[in-house]
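Only the coordinates and a few stated rules stand behind these numbers; no lab work does. This one's a predicted model, so the numbers in the text were calculated from it and none came from an experiment. Backbone-built Cβ (ideal geometry, glycine too); neighbour counts: all protein chains shown.
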Amino acid sequence: MIIKVVLGCVISYLLGSIPFSFIVAKIVKGVDIRVVGEGNVGGRNVWHVVGKKYGVFAGFLDVLKGFSAYWVGHFLGLSPWWIWLCGFSVILGHCFPLFLKGRGEADLRRSRPGPSCRSGWLGWDGTLHSVRRSGHRRIFHSLSDS
């Protein structure tokens, strides 16, 4: 059992360490998102530097990290408490990514999609919750205007 928990946490941490915003910005515009705009490795910075649709795409990929933690734990046959630990590992990987030498996005939005995925809301309750709490309302507002 303990091997499955450690394996789930390591896999979740590595998945959380994938810097999707950095990758999207590098592929689309060839910029290092850490040194342009606000300097944050996140979808909002991609939104401002690279473009709206790429920012939304990068944010969506980041939200999928939360889902991945749930599914990793689920497929390993872990109980909900250990799946929660996988979710925490994804957050650690997102905030302190191995692939960017520990400098990642400074937020906790990835913590919501895992539990909401399990409840059947497909993460949108968590995503909308994070939008209200983090001040990103204008992203969805401007999408509805276009």
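The fewest-to-most ranking of Arg34, Arg44 by surrounding Cβ atoms within 10 Å reads Arg34, Arg44.
Among Trp82, Trp47, the ranking by other beta carbons within 10 Å of each residue's beta carbon, starting with the fewest, stands as Trp82, Trp47. Based on every Cα atom in region 1-95, Rg and the maximum pairwise Cα distance Dmax equal 14.9, 45 Å.
Distance between the pseudo-spin-label points of Leu100 and Trp81 (7 Å out from Cα toward the beta carbon): 3.4 nm.
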